[in-house]
1. Just how many % of Cα pairs in the range 383-433 lie over 19 Å apart, if you round to the nearest whole percent?
2. Got a number for the accessible area of ILE194? Probe 1.4 Å, square angstrom, nearest 10.
3. At 222 nm, what helix-only mean residue ellipticity would the chain give, in deg cm²/dmol to the nearest 500, using -39500 (n - 2.57) for each DSSP H run of four or more?
4. Full extension from ASP38 to LEU449: what is 0.36 nm times the residue separation minus their Cα-Cα distance, to one decimal in nm?
5. Heavy atoms only, 1.4 Å probe, whole protein assembly: order LEU459, LEU449 by accessible area, highest first.
6. Classify the range 113-217: rounded, prolate or oblate, from the alpha-carbon gyration tensor (a ≥ b ≥ c, eigenvalue square roots; a/c under 1.5 rounded; otherwise prolate if a/b is larger than b/c)?
7. Hey, what do the phi angles of the range 456-461 turn into as Karplus ³J(HN,Hα) couplings, whole Hz, using 6.51/-1.76/1.60 and θ = phi - 60°, x for Gly and Pro?
8. Residues of the range 269-345: accessible area per residue at 1.4 Å, in Å²?
Amino acid sequence: MNQTPEPAPRPRAEKVTPLSGFPEFLPADRIAEQLVLDVIRRTFELHGFASIETRAVEPVSRLLGSGEDADKEIYGIHRLAARSEERGSDDALGLHFDLTVPFARYVLENAGKLAFPFRRYQIQKVWRGERPQEGRYREFTQADIDVVDAGELAPHFEAELPLVIAEVFRQLPVGDFRIQVNNRRIPEGFYLGIGVTDVVATLRIVDKLDKIGPQRTADLLVGSGLSQGQAEQVLALAAIRSEDLSFVEQVRALGVEHPTLDSGLDALAAVIRAGLDLAPGTLVADLRIARGLDYYTGTVYETQLVGHEGYGSVCSGGRYDTLASDGRTTYPGVGISIGVSRLLGLVVSRWGVTASRSTPTCVLVALADEAHRPAAMRTAAALRSRGIPVEVAPAAARFGKQIRYADRRGIPYVWFSGTDGAADEVKDIRSGEQVPADAGAWLPPEEDLHPSLVVPEPLGT
């Protein structure tokens, strides 16, 4: 007995809700991101930095040693089936919230195989459990460079790294920028010179100065045990800023003396002097820059875009002398990190910088009918063999429809295969010009071969 088959169940409708703090780009903006990453990668490699990639997870105990508030930022990771007691065990894992801590561990594990001083770059995702807002995400991309050495690290690297970053930023559509530089030994020596004993706590409060303002910062300093006079001196130091070496005399004028202060001033002067020589107007001595992470011990950096200082720093870092040690050898380093997602949140999402097209494709090979698809595939292969990005039309629709398909995606050229011995032709769909072409010899203009960044004018509005 024949039975009528039951109809297949209809797929259940699923409501898709975006996750706050986990940004995703549409194709044109993703290409823009890749073009920015290409500039970063190329510049890092021009300066001799080698690429590495580290695992996404680290022991929570290692991550927690990086700062007072690190526990608030770490995403723990565990199997869904894990028992609750396993989740809090000594070998608990967390997603890394920066690339410096995993890099320090990587150096310790591979010290015998690395040539020092080791120059590394790393472009990877990181995760932080902070409140999502413009430019601040829970999942984002960072691009880091570091130099690490065994035993001692020459101070000239502290001047070199911000100059590499300046070279990157000069190639990106970000407008004017300033790399603000300080040295942790300056506030440390200054605080000790005025009788402040809890240097780390004071630095953490000063690091909030831009967010909460001078009065609230002074209140917190007094609340932490400083006298009103000490708080005023701390704020006076933080107010010093100069694009030349005049910051040294400004600090001296405050009348505080301490050997640590002296060494910090000398180190910062060397960095600013290098900036004046190789990137004038780019590096600024700014003595309010503290950086909140505890592992910084020397020069520290923050980078802001001129006219958009309220957006905050888009690139930061510093020197760390004790982050990596195996008990016999210490591996001091200095690093600086571009917040790629944070930068693109401003440049792409707000300013409207995007790519010239939403696909890498330069040429669409049109189809007269499906019987010609094998020939079209051969044409596409011939073009690709010479580095031209090509795709074949998805269907043999009317030519007008295929041209509209290319236009919607920003593909500049459509290729028409000749019939009955006629030559192939290629059409620039922007100008309408159509000319005979040979798949073994034709080349598009260089500017059409790959997508490029499209920068609105004026930039930054």
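The values are calculated or read from the model by the stated rules, or taken from the named source; none is laboratory data. Bear in mind the structure is a predicted one, so any value in this text is a computation, not a measurement. Cβ sites come from the backbone with ideal geometry, for glycine too, and all protein chains shown count toward neighbours. What goes into the accessible areas is simple: the full protein's heavy atoms, side chains included, and nothing from ligands, DNA or RNA. Shrake-Rupley method; radii C 1.70, N 1.55, O 1.52, S 1.80 Å.
1. Values: 364 of 1275 pairs.
Within the range 383-433, distances greater than 19 Å cover 29 percent of Cα pairs.
2. Approximately 30 Å² of ILE194 is accessible to the 1.4 Å probe.
3. Theoretical 222 nm ellipticity from helices: -10500 deg cm²/dmol.
4. On the way: separation 411, 0.36 × 411 = 147.96 nm, distance 1.59 nm.
Full extension of this stretch gives 146.4 nm more.
5. Values: LEU459 55, LEU449 30 Å².
Heavy-atom accessible area, descending, gives LEU459, LEU449.
6. Details: a/c = 1.70, a/b = 1.17, b/c = 1.46.
Oblate is the answer for the range 113-217, as a/c is 1.5 or above yet b/c matches or exceeds a/b.
7. With coefficients 6.51, -1.76 and 1.60, one gets x, 10, x, 6, x, 10 Hz.
8. On the way: 2320 Å² over 77 residues.
Using a 1.4 Å probe on heavy atoms only, each residue of the range 269-345 averages 30 Å².
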